[in-house]
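The structure appears right after this line, and notes come after that.
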Amino acid sequence: MFLEFKQQVTLILNDAMESLGYGKDDLNLEPSQHADIASRVAFRLASKLKQNPKDIAEKIAKTVAIPNDSYLDSVEAVGPYLNVRANRRYLDETVSRIRHETDGFGGGFCEGKIIIEHTSANPNGPLHVGHIRNSVIGDTLTRILKRVGYNVEIHYYVNDMGRQIAIVSWALSQFEFDTSKKPDHAIADVYIRANAELEAHPEKVAEVERLMQLVESGDDKTIERFDRAVGFAVTGIRKTLLHMNVVHDKFVNESDFVRSGAVSRIVNEIRSTGLTKIDNGALVVNLQDYGFEKSLVVQRSDGTSLYTTRDIAYHEWKGEQAERVIDILGADHKLISGQLKAILNAIGKNEPEIVIFEFVSLPEGSMSTRRGKFITADELFEQVEEQAFVEVEKRRPEMPDKFKKEVAAIVGIGAVRYDIVKVSPEKSTVFNWKEALDFEKQGAPFIQYSHARACSILAKAKDEGLWNPATTVDPSVLLEDSEVALIKKMAQFDNLLDQSARELKPHIFAIYARELADSFNQFYRFVPVISAEDETDRNSRLALVDCARIVLANALDTLGIGAPESM
RNA sequence: GGUCCCGUGGCUUAGCCAGGAUAUAGCACCGGGCUUCUAACCCGGGGGUCGAGGGUUCAAAUCCCUCCGGGAUCGCCA
């Protein structure tokens, strides 16, 4: 809704500027506390025309012609600013569109295919609290992109043949595998033991290297052993992801690209760029033209491939199937992803768009699967849900255990997801149990509660025979400040969704969702709905509550957070 | 040592890329609000040299430089 308004503002202001002889220009439109949208274009024109910005703004405001069928009410010059206000039609149309379009409201304005890859943690153990930052950012971005209209395919790239997996495979032959545990946790146990063993007895490293060579050369027995190891970990990882509402369309194995011959073909393509040379038996690429000082190894001296090389083949394949390829990667991949893009560019392939997030560490230092220093996602969920159960018990003691457990799960996972997604990815964070288990802050439960509150009002009104969702209502009687503010906030949905999608920044939308809940709560406190004396008011307010319910549910869905009807 | 990211009230954080109207919100703190649609809520208050110092500009949290602090990374790991 806001996107249309913004577009109209752009056209109307540009028309005025053209008729004044200023020509079209970037309007520097920005949200403002003084208007529904404001333009700083007068500053820009001032330096260009060597005139007073205040005078320019005034001239534009005077010249502006607002068509009758637009969503604009007025364009006013306040000093050098142009403040634009939306009219009543804008508000009324917002309400009726939400009721009409329901879960499609505010989306569906882009098209094309995108392949997004996220999580892709090595199958050498369970997901830890650092990995799920990747999952939450990736999954939320996926939901945002889907909602704006893209056809999104979600990939998990499974490292099923690297050194780590060779160590896991070797470990399974050395140590007992605890089948009573969740398989990814049991894999971590043997992996950690194996690493300690290899450190104590470096001569055994050769056995691991032997496995890597065998798997690369296509030895069936070894491949089977690797697959078994990977299978255990991936099964557990998928379960964890599902628990947090994260699903992937495809689990793509690295080894596929070796066995299909794609990797050796890519190596030849890289060779043909003339950027390569042999250094100590390894094949290296010179990427100085792309700003990388050091060259990159794309083939080991023993002829086996590396993660990087297999990843190039994978990206070539992805690039052939979609207009856009997006990867969510941790800060440790900053350099390598730049090199990956450079090589793809050098061989004339589509480059991916990379979203980097900074690390999550523990108070005692960085996490490490190898050293067994990590907090698993499963452990976090268990603790959080336990704490959420306590909170539900406090508030709804009369409800059955089943209800409390369900709500605790929805609230717990929601809280974890929201806490992760609300902060911008470039901030590194330190995991803190106290904070993770704190439900008193305005996070997911706050938004979920607003949704439940809206549902509860509607349910009660229905019970009392006061509400029929099919009723035609008159939104123009919604004149209270908090009503207008709520409608305007809901109208912003498409704008924030669009911005998050364009900038690949899910935290922008997460913050909007909280503000939306805030607007609804303020309306709830100030304006009586069921007890409104006037029937027209009551019906319109019930419709407004229904709108809030719909938009809050859409927002929660976009964040991958459950929207309980009662909590 | 080189490169990249971050540094905003006691704590967490938005805004920075595209410089402009009193710097955003939460937690914590202080005060007020449940006989009224679920108080996981709402209203009000105190608290900020936007890491430090220079520069550019009519205007800098935002752009440039230097420094300090934290994180990441720097060929045969992924």
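Looking at (1) at pLDDT 90 or above; (2) charged (D, E, K, R); (3) loosely packed, with under 13 Cβ neighbours inside 10 Å, which one does A:Asp55 not meet, given that it meets all the others? Single failed check for A:Asp55: (3).
Of the residues making up region A:292-308, those that are in contact with a helix residue (DSSP H, G or I) (Cβ under 8 Å, 6 or more places away or on another chain) and more than 18 Å from A:Asn280 (Cα to Cα) are A:Phe292, A:Thr308.
Scanning region A:422-450 for residues that are closer than 23 Å to A:Ala563 by Cα, of a type outside the set (Lys, Arg) and either in contact with a Leu (Cβ under 8 Å, 6 or more places away or on another chain) or more than 6 Å from RNA strand B (Cβ to nearest atom) (or both) yields A:Glu435, A:Ala436, A:Leu437, A:Asp438, A:Gly443, A:Ala444, A:Ile447, A:Gln448, A:Ser450. Under the condition of being within 12 Å of RNA strand B (Cβ to nearest atom), under 17 Å from A:Ala322 (Cα atoms) and polar (S, T, N, Q), the residues counted in region A:338-370 number 0.
When region A:385-410 is limited to residues that are of a type in the set (Lys, Arg) and within 9 Å of RNA strand B (Cβ to nearest atom), the one that is nearest to A:Ala563 (Cα to Cα) turns out to be A:Lys404.
Summed over region A:460-472, residues that are part of a helix (DSSP H, G or I) and surrounded by 14 or more Cβ atoms within 10 Å (Cβ to Cβ) total 1.
Give me the residue from region A:278-313 that is more than 9 Å from RNA strand B (Cβ to nearest atom), surrounded by 17 or more Cβ atoms within 10 Å (Cβ to Cβ) and within 30 Å of the chain's Cα centre (by Cα) and, out of that set, farthest from A:Phe257 (Cα to Cα). Top of the filtered list is A:Ile312.
How about region A:146-183: which of its residues are touching a Lys or Arg at 6+ places or on another chain (Cβ under 7 Å) and near RNA strand B (Cβ under 9 Å from one of its atoms)? Passing the criteria: none in range. Restricting to region A:178-203, name every residue that is among the acidic types (Asp, Glu) and surrounded by 20 or more Cβ atoms within 10 Å (Cβ to Cβ). The answer is A:Asp184, and nothing else. Please verify whether A:Glu391 is among the acidic types (Asp, Glu) and either surrounded by fewer than 15 Cβ atoms within 10 Å (Cβ to Cβ) or without any contact (Cβ under 8 Å) to a residue 24 or more places away in the chain (or both), treating the condition exactly as stated. Here the answer is no, as A:Glu391 does not meet what is asked.
How about region A:106-122: which of its residues are surrounded by 19 or more Cβ atoms within 10 Å (Cβ to Cβ) and closer than 30 Å to A:Arg40 by Cα?
Scanning region A:106-122 gives A:Gly106, A:Gly107.
Scanning region A:36-51 for residues that are among the aliphatic types (A, V, I, L, M), more than 7 Å from RNA strand B (Cβ to nearest atom) and under 20 Å from A:Gln7 (Cα atoms) yields a count of 3. When A:Glu533, A:Glu503 are checked against the criterion of being without any contact (Cβ under 8 Å) to a residue 12 or more places away in the chain and near RNA strand B (Cβ under 9 Å from one of its atoms), a single residue qualifies: A:Glu503.
Go through region A:42-85 and give me each residue that's part of a loop (DSSP other than H, G, I, E, B) and either over 13 Å from A:Leu20 (Cβ atoms) or without any contact (Cβ under 8 Å) to a residue 40 or more places away in the chain (or both). Across region A:42-85, the qualifying residues are A:Lys50, A:Gln51, A:Asn52, A:Ile66, A:Pro67, A:Asn68, A:Asp69, A:Ser70, A:Tyr71, A:Gly79, A:Pro80.
The requirement of being near RNA strand B (Cβ under 10 Å from one of its atoms), outside any helix (DSSP H, G or I) and either touching a Phe, Trp or Tyr at 6+ places or on another chain (Cβ under 7 Å) or under 21 Å from A:Phe357 (Cβ atoms) (or both) is fulfilled nowhere in region A:473-494; no residue meets it. Among the residues making up region A:63-105, those that are aliphatic (A, V, I, L, M) and either buried (at least 19 other Cβ atoms within 10 Å of the Cβ) or within 28 Å of A:Val148 (Cβ to Cβ) (or both) are A:Val64, A:Leu72, A:Val75, A:Ala77, A:Leu82, A:Val84, A:Ala86, A:Leu91, A:Val95, A:Ile98. Comparison of A:Ala470, A:Ala436, A:Ala452 shows that the only residue that is under 24 Å from A:Val95 (Cβ atoms), among the small types (Gly, Ala, Ser) and at pLDDT below 95 is A:Ala470. Collect the residues in region A:506-516 that are near RNA strand B (Cβ under 7 Å from one of its atoms) and closer than 24 Å to A:Leu458 by Cα, keeping them in residue-number order. Across region A:506-516, the qualifying residue is only A:Arg514. Set side by side, the residues A:Glu353, A:Glu364, A:Glu358 differ, and just one is loosely packed, with under 15 Cβ neighbours inside 10 Å and modelled with pLDDT of 95 or more, which is A:Glu353.
Residue by residue, here is whether (1) away from RNA strand B (no atom under 16 Å from the Cβ); (2) at pLDDT 95 or above; (3) β-branched (Val, Ile, Thr) holds:
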{"site": "A:Ile66", "(1), (2), (3)": "yes, yes, yes"}
{"site": "A:Val95", "(1), (2), (3)": "yes, yes, yes"}
{"site": "A:Ile98", "(1), (2), (3)": "yes, yes, yes"}
{"site": "A:Glu101", "(1), (2), (3)": "yes, yes, no"}
{"site": "A:Cys110", "(1), (2), (3)": "yes, yes, no"}
{"site": "A:Glu117", "(1), (2), (3)": "no, yes, no"}
{"site": "A:His128", "(1), (2), (3)": "no, yes, no"}
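The values are calculated or read from the model by the stated rules, or taken from the named source; none is laboratory data. Quick caveat: nothing in here was measured; it's all calculated off a predicted structure. When we count neighbours, we look across all protein chains shown, and the Cβ atoms used for this are built from the backbone with ideal geometry, even at glycine.
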